[in-house]
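What follows is one structure encoded as structure tokens, with my remarks underneath.
The values are calculated or read from the model by the stated rules, or taken from the named source; none is laboratory data. Computed from a predicted model, the values in this text were never measured in an experiment. In this analysis, Cβ positions are derived from the backbone assuming ideal geometry, glycine residues included, and neighbour counts consider all displayed protein chains.
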Amino acid sequence: MRNGNDVGKSAEDYLESMVILKEKNGYIRSVDIAEYLGVTKPSVSNAMKRLREENYIEMNRSGFITLTEKGMEIADKIYTRHKKLTDFFTALGVDPQVAEDDACKIEHDISDETFDAICSHIDKFSKANKTKKK
């Protein structure tokens, strides 16, 4: 079962990369997406065409990409999952690079129920640690 939307893993990866690149560079361009994801420029062009047609992104004449509200909603959800899962796995003692790689694999397929349970567990653990430190 997918995580509550009908966007494919590839589209989620593209949208997530756009949020990361916007945060890092202040702008989003296809060439940067290709470099970040390690894919070819034609692959990015095809993906951008599909994402534009589905109203996830807009692109201006200069080639700068903007996420629509619909695209940002999905991108934020995936990026938040990625960060939370990476932090969770790292807290368990997993090597940070392995944690990052595993989070990337899981973020697309984990159910909302399981992800929410992990977040709830993290919150309880964080509160317990703060109480112990006082």
Can you confirm whether the stretch 107-115 contains a residue that is closer than 28 Å to residue 41 by Cβ and aliphatic (A, V, I, L, M)?
no
Suppose we filter 98, 94 for residues that are without any contact (Cβ under 8 Å) to a residue 24 or more places away in the chain, surrounded by 16 or more Cβ atoms within 10 Å (Cβ to Cβ) and either of a type outside the set (S, T, N, Q) or not in a strand (DSSP E or B) (or both); which single one remains?
94
If you go through the stretch 48-65 one residue at a time, do you hit one that is among the β-branched types (Val, Ile, Thr) and at pLDDT 95 or above?
yes
So residue 116 ticks every box in (1) at pLDDT below 95; (2) closer than 27 Å to residue 33 by Cα; (3) surrounded by fewer than 18 Cβ atoms within 10 Å (Cβ to Cβ) but one. Which box is left unticked?
(2)
Name the single residue that is farthest from residue 77 (Cα to Cα) among those in the stretch 6-39 being among the β-branched types (Val, Ile, Thr) and part of a helix (DSSP H, G or I).
31
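Looking at the stretch 40-60, which of its residues are buried (at least 17 other Cβ atoms within 10 Å of the Cβ) and not in a helix (DSSP H, G or I)? Before the answer, list the steps.
Step one: list which residues in the stretch 40-60 are buried (at least 17 other Cβ atoms within 10 Å of the Cβ), which gives 44, 47-48, 51, 56-57.
Listed by number, the residues that qualify are 56, 57.
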